[in-house]
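The values are calculated or read from the model by the stated rules, or taken from the named source; none is laboratory data. Just so we're clear, the structure is a prediction, and the values are computed from it rather than from any experiment. Cβ placement follows ideal geometry from the backbone for every residue including glycine, while neighbour counts extend to all protein chains displayed. With ligands, DNA and RNA removed, areas are computed over all heavy atoms of the protein, side chains included. Shrake-Rupley method; radii C 1.70, N 1.55, O 1.52, S 1.80 Å.
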Amino acid sequence: MTEMFLGILNMSINASYIIIIVLALRLAMRNVSKKYICILWMIVLFRLLCPWTVESTISLLPSAKPISMEDFVQGNTSVADMGNETDGTIEKIPEMEENDMSGTDKAMMSIGTNTGGKVAGSDANWNIGLMIPKIAAIIWSTGVSIFVVYTLFILVHFTYKLKTAVPDKTYNEKVKIYRCEYATPFVVGIICSRIYIPFQVREPELSYVLLHEKTHISRKDHWLKGICHIALIIHWFNPLVWIMYKLVERDMEMACDEAVLAKIGGDSRAEYCEALLNLATVKKQFVGNPVAFGESDVKLRIKNLLNYKKPYIWITLLVIIIIGVIAVGFMSNPIENIQQKEQDNDDISAPDEGDNEEQKVSEVQDEGDDKGTESEQSTDEKVIRTDLPIKQATITEWAEAEETNEGQIATDRFMSISWDKVVKNAKRPYANDWIGNTILMNEIPEHNISMYGYNDEEYWGMGVAVEHDENVNYFDWLYMDNHTIVPSIFWDDAHKQLQVILHTGSGTGYLMPSLHILQEYETIHMEDYCFEVEDVQKKIQGRIGYTYDDEGLVLRVIDLQGNTELCVVDFEAVQKYDDVSKESPITEVRVGDIFSYELGENIQMTFTVGYIIKGQEHMVRSQYVPEFKTTVTMDGDGEFAIGDITVVSEE
Amino acid sequence: MDTPKIFESEYRFASIVWEREPILLKELIGICAKQLEWKRTTTYTVLKRLCERGILKNEDGVVTSLYSREEIQYSESKQFLDKTFNGSLPGFVATFLNGKRMSNEEIDELQTMIEAFKKDRTEE
């Protein structure tokens, strides 16, 4: 509906130019027959109501570009200012509970900081500027409804009054004539027209009235009036259209008078005018009465008739030529040429393409060269912007990596194997040629710790036994997958914890090992505390924020905890290998599918940050974006936490 | 007694009743449809209006008038006279004579009427 309203608005604006010109012409053509003006008004009505336009070079309309939705989205610097929060005051972005929210959802969640940024396409929905045309469209349609209701009301009122009208058979006419109690004569019916004349009208006025109304019908004036009314309903907001409406009414009457005069002859002019005078009613007519002819402005009509003189031929010819010019010049729209578009782009006002909002980003990229005001990009020195809104990195879809529900069953099966069997069949750890028995996967001889893996027919690579001194604990872990690397272990004697990394969870493009901390109690029992992959991802994701400057191609990665800058990557400077460019900006930064651990007194976790380039699906891990490192700790309740984030420097 | 007003279209309707009363409602509807091109509902509405005003009466499907045509005409004319000529009949006649010429027949007719009127007055 908003589109329709904008279309009508544009039509109204175009027609307004013509109305102004016709008004001027009307003044100039006072002495010419009013029927020519009526032709001009018909042109105006055509422009007001016909939605189809042709473009041509001979159009006389000023070639302002039509208003479209794009004029209200972004581009207004005032709207962009609303979103910028600078100098370290970032909005608290709530910790995500769900990790299966897609990237766009997360972008939408950080509302308030996004209206300034132009990168994420989904922001446009929340752009306040877009509300303006929507509200305007609603107001417009409300107005239209009111007018329609009003018109219907008048029509109903009319028909009610007409019920007691009485046919007048004294005249033998083609058109049906009725007498009624209404104050003025009028015509009803577009197709089967009927003339209604008040009871009070007698001779000699009656004949003139009859002639007048019949002339109206033969000139199809009632059609014109109806079309005018429709135009007014649609363009109610345009004051020029109101003026046109009143003037059309008047001009139509005068043109009709002239036609009547032509029929009865100039000698009867005085009598006709007298008749008009006698019929002049002081009663107020309904404004916007669709079918009645307001017999007001009688004075003007009489003046017009009395002054009417046959003009010189050449004036008539001139008028006809002018009408021709107007008709041709204004029936079509000017061509929007490319030069026009480029010119317009230099203005502060927005671009005029009719693209939908998803393509906003590329559009912005195209205009990027022209908007030099924001990033002050000089050729010598790159300014790293610190005022861009900070977005939160997203977790990749691997968060939903299959969780095997076979845990319970595996435990059962595990319990059915006795320890003797496990020890007896111990073999050296070879990943691939091990078939169905147990393997010694790792050991710490100085602490008397051994780790065995076993396998049963159905669950391949599942089941781990940890032996410390004489005690064995069993865990139904998956320790094998396509890329089998036996688990790493470290014994933290101070805390009596065995740190285990299961190197499962790897594949093309991802590496998500599992960290288990086995807390030993009295060397008998080992409690398994696992830093779940989902938890790891959430924790990483919650800490990494970023800004991307699509002008300068600068990516800043930020630790959201202290709002400290972790690294800055200037893609423009390193353009050789990376695909990031103005046409292919970064749309998302992703974390949490590549991380690894280093065991020891302080467990270190290293993770990488990747990004998505517009138009591509695969995440890119650039050699120019460094890896980050943090510490992993577990509290007394088995809760894991990560510490400060630092950059892994290449040394 | 104040005679009720009547509007032009109602007058035409009442004329039909005056001409043919007492008239069956059914018949009246038919005639209105033909002569006045009125719908059934319209006839009903106007009849109801006139009955409410006390000009016509509809009893058991038969329509009669409570005021005669002359009474109504008199009332209407009197109102006009009161309004325009302050109730002065001579004033009206004088004005009327000003513009038009009366034919001999009309003069005679008027004279006869005045004579008859005078007679009635003296007889009361």
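Identify all residues within the range A:522-556 that are open to solvent by less than 50 Å² (accessible area, probe 1.4 Å) and in a loop (DSSP other than H, G, I, E, B); write none if there are none.
A:Asp550, A:Glu551, A:Gly552, A:Leu553, listed by residue number.
Which ones in the range A:162-195 are among the basic types (Lys, Arg) and open to solvent by 80 Å² or more (accessible area, probe 1.4 Å)?
The answer is A:Lys163, A:Lys169, A:Lys174, A:Lys176.
Which numbered condition in (1) within 14 Å of chain A (Cβ to nearest Cβ); (2) open to solvent by 80 Å² or more (accessible area, probe 1.4 Å) is the only one that B:Leu47 fails?
Here B:Leu47 clears every test but (2).
With (1) buried (at least 19 other Cβ atoms within 10 Å of the Cβ); (2) closer than 30 Å to B:Arg12 by Cβ; (3) away from chain B (no Cβ under 14 Å) as the list, and A:His157 as the residue in question, which single condition is left unmet?
Every condition holds for A:His157 apart from (1).
Looking only at the range B:63-97, which residues are more than 16 Å from the chain's Cα centre (by Cα) and either within 14 Å of another protein chain (Cβ to nearest Cβ) or open to solvent by 50 Å² or more (accessible area, probe 1.4 Å) (or both)?
B:Asp82, B:Lys83, B:Thr84, B:Asn86, B:Leu89, B:Pro90, B:Phe92, B:Ala94, B:Thr95, B:Phe96, B:Leu97
If you scan the range A:252-275, which residues turn out to be open to solvent by 10 Å² or more (accessible area, probe 1.4 Å), in contact (Cβ under 8 Å) with a residue 24 or more places away in the chain and small (Gly, Ala, Ser)?
Across the range A:252-275, the qualifying residue is only A:Ala259.
State whether the residues of the range B:6-14 include one that is within 11 Å of chain A (Cβ to nearest Cβ), within 15 Å of the chain's Cα centre (by Cα) and not in a helix (DSSP H, G or I).
Yes, the range B:6-14 contains at least one residue that is within 11 Å of chain A (Cβ to nearest Cβ), within 15 Å of the chain's Cα centre (by Cα) and not in a helix (DSSP H, G or I).
Of all the residues that make up the range A:580-606, how many are open to solvent by less than 20 Å² (accessible area, probe 1.4 Å), out of contact with any helix residue (DSSP H, G or I) (no Cβ under 7 Å at 6 or more places or on another chain) and aliphatic (A, V, I, L, M)?
Result for the range A:580-606: 5.
Which residues, counting only those in the range A:557-579, are open to solvent by less than 60 Å² (accessible area, probe 1.4 Å), modelled with pLDDT of 80 or more and part of a loop (DSSP other than H, G, I, E, B)?
Those that are open to solvent by less than 60 Å² (accessible area, probe 1.4 Å), modelled with pLDDT of 80 or more and part of a loop (DSSP other than H, G, I, E, B): A:Leu560, A:Gly562, A:Asn563, A:Phe571.
Anything in the range A:196-222 that is within 14 Å of chain B (Cβ to nearest Cβ), open to solvent by 30 Å² or more (accessible area, probe 1.4 Å) and over 23 Å from A:Asp267 (Cβ atoms)? List them, or say none.
Of everything in the range A:196-222, just one residue is within 14 Å of chain B (Cβ to nearest Cβ), open to solvent by 30 Å² or more (accessible area, probe 1.4 Å) and over 23 Å from A:Asp267 (Cβ atoms), namely A:Gln200.
Yes or no: B:Leu36 within 14 Å of another protein chain (Cβ to nearest Cβ) and in contact (Cβ under 8 Å) with a residue 40 or more places away in the chain?
Details: within 14 Å of another protein chain (Cβ to nearest Cβ): yes; in contact (Cβ under 8 Å) with a residue 40 or more places away in the chain: no.
Considered against the rule, which asks whether it is within 14 Å of another protein chain (Cβ to nearest Cβ) and in contact (Cβ under 8 Å) with a residue 40 or more places away in the chain, B:Leu36 comes out as no.
For the structure I just gave you, tell me whether B:Lys26 is surrounded by fewer than 19 Cβ atoms within 10 Å (Cβ to Cβ), farther than 27 Å from B:Tyr74 by Cβ and either within 14 Å of chain A (Cβ to nearest Cβ) or aliphatic (A, V, I, L, M) (or both).
In short, no.
Considering only residues of the range B:50-95 that are of a type in the set (Ser, Thr, Tyr) and part of a helix (DSSP H, G or I), which is farthest from B:Ala14 (Cα to Cα)?
B:Thr95
Inside the range A:607-630, can you point out the residues that are over 34 Å from the mean Cα position of the chain (by Cα), among the polar types (S, T, N, Q) and open to solvent by 50 Å² or more (accessible area, probe 1.4 Å)?
A:Gln623 - this is the single residue of the range A:607-630 that is over 34 Å from the mean Cα position of the chain (by Cα), among the polar types (S, T, N, Q) and open to solvent by 50 Å² or more (accessible area, probe 1.4 Å).
Output the number of the condition that A:Ala259 fails; it satisfies all remaining conditions of (1) farther than 17 Å from A:Pro185 by Cβ; (2) of a type in the set (Gly, Ala, Ser); (3) at pLDDT 80 or above.
A:Ala259 satisfies all of (1) farther than 17 Å from A:Pro185 by Cβ; (2) of a type in the set (Gly, Ala, Ser); (3) at pLDDT 80 or above except (1).
Whether any residue in the range A:481-498 is surrounded by 22 or more Cβ atoms within 10 Å (Cβ to Cβ), more than 51 Å from the chain's Cα centre (by Cα) and either under 30 Å from A:Ile390 (Cβ atoms) or not hydroxyl-bearing (Ser, Thr, Tyr) (or both) is what I want to check.
Checked against the condition, which is being surrounded by 22 or more Cβ atoms within 10 Å (Cβ to Cβ), more than 51 Å from the chain's Cα centre (by Cα) and either under 30 Å from A:Ile390 (Cβ atoms) or not hydroxyl-bearing (Ser, Thr, Tyr) (or both), the range A:481-498 yields at least one hit.
Provide a single number: the residues in the range A:39-53 that are in contact (Cβ under 8 Å) with a residue 24 or more places away in the chain and open to solvent by 90 Å² or more (accessible area, probe 1.4 Å).
Adding up the residues that qualify gives 1.
Given A:Tyr245, A:Tyr272, which one is farther than 17 Å from A:Val44 by Cβ and either aromatic (Phe, Trp, Tyr) or within 44 Å of the chain's Cα centre (by Cα) (or both)?
A:Tyr272
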